[in-house]
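We did not get these values from a lab; they are worked out from the coordinates using the rules stated. Note that the structure is predicted; figures quoted are calculated from it, not measured. Here the Cβ positions follow ideal geometry from the backbone for every residue, glycine too, while neighbour counts run over all protein chains shown.
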Amino acid sequence: MTFTKLITVSSIIIFFTIFLGFRFFYALESDHGIYFSGSYYWFNSDLPFYEIVKDIKPPGYYLFLGSIGFLFDWNYFSAYIGYICSIFLFISSSALVFLKINKNINHLIVYLIITSTFMSFLSTNSGIALFQGGLLNIGLFFHIKIFNKEPHAMLYVILSYLFIGFAIISRIDSILIIPLLWFGILIFYNNYSFGKTIKYFFCALLGLLTPLVILFFLKISISEFIFYNFELAAIYKETYLSKIGFIYKPKVIDAMSGSALLFLIPVILYNAYLTVKENKNFSQLFGVAGLLFMICVYLWIGTDRIYHLLVIFPFLTIVFATACQNIINTQKSYRFLIIAPVLMVLLVFVQNLMPSAYSAYEKKQNIFSIPIEVIELEDYMSQNKIEHIVSGDIKAWFHVLKKDNNPKLSHFHNLYLFFNYDDAHVKNDLNKLLNTREKIFLIDIGLLDSKISTPIMVDIKSKTKTIGQYKDYYIQAVK
């Protein structure tokens, strides 16, 4: 790639990153605050990760945000940097994979417009999924080099699984890409010697072990890792995810149709199939198989959260890059099929981001100051002598931005699972609270009104009374 093209591609990536990053200032959403807050207290404590952070996710994204907080200080600006870095990693790694298949910059712009319009539907809760997708993209990039029979194949195997390993310790569902890679490599190496296959799996293991060693240094045991990320995650999925969510996903359908993904996917698959059939390129065939497989994975996840669809995008990049070559280069009559959706989704992109951009403009004088929601909560708690918050969306932001020295009770999560499961640390902290007579605290309305009937929740309901309400919280007093 020439220097001029490199500047062009970099400018495009930065443009979309900045515009998508405006969402950060539109609303104070929960998950990114939980990740950033958990990172802050983890980095500033000697306690193990899962004692500080109550989550059914691995520590990878917390480690990433913690590194940014450590470098830029723990403030609202640092949280923003972590969010836009997640977006930048996803978009830039997508461009890397795309240009490996299709070096046409105009085709890349078409792809970035369409994918970015879908991303304009995402909330800031998607940061961890964008980070995961970026790591998987880089892992696939090195595998394409292997399928293209480029030299130093075993080095690429190590690098590929190194980034896939980092993706796994960020979101555990990344592990599902490994069987697909192994199946693909067994077919690809079918005509090679048995020794070549053995070398591949040895190098793959070497690459995967490096991120797992990080768990050892973080004092996270394999049994603990399995418990939180597989056993508790399975309980969460079984208890809190509706079975209808495996098929009926209205929010995702709205986002796909609004960004034209729903319209383009059949066209992409058809034209990619034609190109693969003519060129016999294994990486392109692998892209189609991978896309179909990851769509099945997405359906298996069983939620209607829009950002979960990002799991298909690493393979969608390969397939779209292939399809663009066939649609635009060989069939000029198909140009309208690309130009029309691009114009439509560009309008959607601007429309979706206008509220976010306007919100950022309104806050231009103090854009990185502590959000008003946190200040209002602090004032209310101070005036009413309230010290503790149990669950809820805003509590994590409050703890980290106000540098609260006594945040242990909240455990940086809003998953009801840890109350339903009767987690030992949660139970211990709440028992201390309930043994302090006439103590006043805030508790998430959804949590208190839930049907959870574990002993600790029974105690909360029987030993306290509701004396008021503040936004999404009940004000509870210990009897």
Fill in the blank from the handout: Taking the chain and counting helices only, DSSP H stretches of n ≥ 4 at -39,500 (n - 2.57) each over all residues, the nearest-500 ellipticity at 222 nm comes to -21000 deg cm²/dmol
Problem - Anchor K237: lysines whose Cα lies under 29 Å away (excluding residues fewer than 8 positions away in-chain) - result: K54, K57, K219, K249, K251, K395, K408, K427, K451, K461, K471
Exercise for the section: Could you list which residues have their amide H under 5 Å from that of I220, counting only those 5 or more apart in sequence or on another chain, with H placed in the peptide plane? Expected result: none
Completion exercise
With x for Gly and Pro, the residue-by-residue ³J(HN,Hα) of segment 316-322, computed from phi through the Karplus equation 6.51 cos²θ - 1.76 cosθ + 1.60 at θ = phi - 60° and given in whole Hz, is 4, 4, 4, 5, 5, 4, 5
Handout entry: From phi via Karplus (6.51, -1.76, 1.60), per-residue ³J(HN,Hα) for segment 200-208 in Hz, x at Gly/Pro
Key = 4, 5, 5, 5, 4, 5, 4, x, 5
Exercise for the section: Quote the charge dipole size of the chain about the Cα centre in Debye, to the nearest 20; the model charges only the Cβ of Lys and Arg (+1) and of Asp and Glu (-1). Expected result: 1020
Exercise for the section: Over the chain, calculate the relative contact order: mean separation of alpha carbon pairs under 8 Å at least 6 apart, over the residue count, as a percent. Expected result: 20
Practice task
Determine, for each peptide in 28-34, 41-47, 203-209, the mean count of other beta carbons within 10 angstrom over its residues, then list the peptides with the highest first.
Solution key: 28-34, 203-209, 41-47
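Hey, got the dipole for segment 372-478? About the Cα centre, +1 on K and R Cβ, -1 on D and E Cβ, debye to the nearest 20?
380
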Problem - Protection proxy ranking, peptides 310-320, 102-112, average beta carbon neighbours within 10 Å, highest first - result: 310-320, 102-112
Completion exercise
Taking a ≥ b ≥ c as the square roots of the eigenvalues of the Cα gyration tensor, with a/c under 1.5 meaning rounded and otherwise prolate when a/b exceeds b/c and oblate if not, segment 372-478 is prolate
Exercise for the section: Sticking with the crude label model, points 7 Å out along Cα→Cβ, report the distance from Y189 to S453 in nm, one decimal please. Expected result: 5.4
Practice task
Order the peptides 450-461, 389-400, 190-201, 434-445 from the highest to the lowest mean number of other Cβ atoms within 10 Å of their residues.
Solution key: 389-400, 434-445, 450-461, 190-201
Handout entry: Built amide H within the under 5 Å cut-off of T464, gap 5+
Key = K479
Fill in the blank from the handout: If unit charges are put on Cβ atoms (+1 for Lys and Arg, -1 for Asp and Glu) and the dipole of the chain is taken about its Cα centre, the option from M457, F43, S170 lying farthest towards the positive end turns out to be S170
Problem - Karplus (6.51, -1.76, 1.60) ³J(HN,Hα), θ = phi - 60°, over segment 117-131, in Hz, Gly and Pro reported as x - result: 5, 5, 5, 5, 8, 7, 8, 5, 5, 7, x, 5, 6, 5, 4
Fill in the blank from the handout: For the chain, the charge dipole (Cβ of Lys, Arg +1; Cβ of Asp, Glu -1; about the Cα centre) points to a positive end, and the Cα of F313, S369, N352 closest to that extreme belongs to F313
Fill in the blank from the handout: Listed by chain and number, the lysines with an alpha carbon less than 29 angstrom from that of K199, same-chain partners under 8 positions apart left out, are K100, K145, K149, K280
Completion exercise
Along principal axes, largest first, the alpha-carbon spread of segment 3-359 in whole Å comes out as 62, 59, 48
